[in-house]
1. Which of the residues belonging to segment 221-273 are under 15 Å from Asn208 (Cβ atoms) and of a type in the set (Phe, Trp, Tyr)?
2. Taking Ile414 and the conditions (1) in a helix (DSSP H, G or I); (2) of a type outside the set (Gly, Ala, Ser); (3) in contact with a Pro (Cβ under 7 Å, 6 or more places away or on another chain), which numbered condition does it fall short on, given that it satisfies the others?
3. So which strands (runs of 3 or more DSSP E) are wholly in segment 25-73 and hold at least 1 residues that are out of contact with any His (no Cβ under 7 Å at 6 or more places or on another chain), within 17 Å of Arg95 (Cβ to Cβ) and among the basic types (Lys, Arg)?
4. Name the residue, out of Lys252, Lys285, Lys248, that is free of Cβ contacts under 8 Å to residues at least 40 places away in the same chain and either not hydrophobic (A, V, I, L, M, F, W, C) or not assigned by TED's automatic domain parsing to the domain that holds Leu191 (or both).
5. Of the numbered conditions (1) surrounded by 15 or more Cβ atoms within 10 Å (Cβ to Cβ); (2) out of contact with any Lys or Arg (no Cβ under 6 Å at 6 or more places or on another chain); (3) more than 30 Å from Gln279 (Cα to Cα), Glu376 satisfies every one except a single condition; which is it?
6. I'd like to check something: does segment 350-368 contain any residue that is free of Cβ contacts under 8 Å to residues at least 60 places away in the same chain, under 20 Å from Pro140 (Cβ atoms) and under 22 Å from the mean Cα position of the chain (by Cα)?
7. Can you name the residue in segment 111-126 that is surrounded by fewer than 16 Cβ atoms within 10 Å (Cβ to Cβ) and polar (S, T, N, Q) and, of all such residues, is nearest to Val93 (Cα to Cα)?
8. Given the criteria under 20 Å from the mean Cα position of the chain (by Cα), within 16 Å of the ligand (Cβ to nearest atom) and closer than 19 Å to Ser182 by Cβ, does Arg408 qualify?
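The values are calculated or read from the model by the stated rules, or taken from the named source; none is laboratory data. Since we're looking at a predicted model, the values are computed, not measured. All Cβ positions, glycine included, derive from the backbone under ideal geometry; neighbour counts span all protein chains shown.
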Amino acid sequence: MNEQFLQYIWKFRLLNPDLQAEGGEKLAVLHPGIQNTDGGPDFFNARIRINQTVWAGNVELHTRSSDWIRHRHQSDPAYENVILHVVYENDQVIRQKHKDMMTTLVVKNNFPASIEEQYKEIMQNHLWIPCYNLLNGAAPRVMRLWAPALATERLNAKSGFILRLLDEYADWDEVLYILLASGFGFRINALPFELLARSIPLRIVRKNADCLFKLEALFYGQSGLLGRHPRDKYRCSLQAEYNHQQAKYGLKPLKPGLWKRLRLHPQNFPDIRISQFVQCLFSCKAEPGFLLNTSDTAIMLEFFQLSASDYWNTHYRFGKTVGKKEKKIGPASARLLLINILAPFLFAYGSAWDVSPLRMKAVELLESLEGEANHETRMWGSLGVKAGNALESQALIQLKRKYCDQKRCLECRIGLKLLDRKSTQ
Ligand code: SF4
């Protein structure tokens, strides 16, 4: 038994109808009150009939009545208006300041045992998600209604990071540039890409934006991937150009060991992704904000299907020649850039300026895109919960990472449905 479960029982009025306080008073819960997640009592403005009198005030819940003392509520004025102490076990008589014994309701044995059994079964589960064995046909219906709110929660959380970047740089273009860079790292190399962009201020990128070769020299040189002893012609010329830029701008390159290739398909090696990112900057003349001028998802998707430069048609790494193949970003990866970078950026921009249509545009962008096909969405699919678009796939990712993995089943609409079904059996 924990306090969250107690709050769930109280909030959803799952107690038996004939209740009696520890002092023998007859109790009827007319309204459980409004749940308070900040400091102070757990529920405000409850209405309880105690014998013949209706009382309005606050309710505090504890696993044991002695928690009242342990939490020092007896000397806290915020708890003076508590009209009922709801506990699972009454292990200590509690008196309020200058008053008689606190009216105490013990809920143990006062609600259907089956709900607690179901809750324990979920909590003790170590499967992919705690309710893995219990999910039924209701989950897709719940998710259809809950997905927009869950996806918005995820956008909000990503906005937090974006707004912190804005605090640091005070420039939306610079923020979008760094975000785009991390997007080209596609999770595994997101951090080295972010560091790479941070190491080359956008003003320097803009000064070189009219020449693809100069941009490549700048980014490969800063990435540390050119190596100490370049042998092939292309790498030598990049190194020569970079030496010049490094001296001119006082640049300090990253350590090459930051980049990861393990378990990556060679097509996704950072060496290739850097060239595609440079193509992105070259194509938009280092003005990443231009991407936000269109609402046409097809145009945005097409923009991101960028090819690495010719050298990479025959290389996956510097100096190692392979068979010819164009290294172009595919539609699925282009989609990820819209889902993970552009939509959160639009949402954060809309939040910072309090412009609802921009936040809405972010949501609509997600709705217009096919959902991601990753391990999480496939697992949900195998449980019958399928994502029809990126808004729904983002919702499923949020649900797994922020609810299931943290066992927040009592805050989850699917969890509430599962327990509710049990309580009505
Ligand atoms: S959070 Fe919801 S979906 Fe996840 S395991 Fe708990 S009840 Fe199931």
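1. Tyr242, Tyr249
2. Among (1) in a helix (DSSP H, G or I); (2) of a type outside the set (Gly, Ala, Ser); (3) in contact with a Pro (Cβ under 7 Å, 6 or more places away or on another chain), Ile414 violates only (3).
3. 53-64
4. Exactly one of Lys252, Lys285, Lys248 is free of Cβ contacts under 8 Å to residues at least 40 places away in the same chain and either not hydrophobic (A, V, I, L, M, F, W, C) or not assigned by TED's automatic domain parsing to the domain that holds Leu191 (or both), namely Lys248.
5. That leaves (2) as the condition not met.
6. Yes, because at least one residue in segment 350-368 is free of Cβ contacts under 8 Å to residues at least 60 places away in the same chain, under 20 Å from Pro140 (Cβ atoms) and under 22 Å from the mean Cα position of the chain (by Cα).
7. Ser114
8. Judged against the criteria, Arg408 is not a match.
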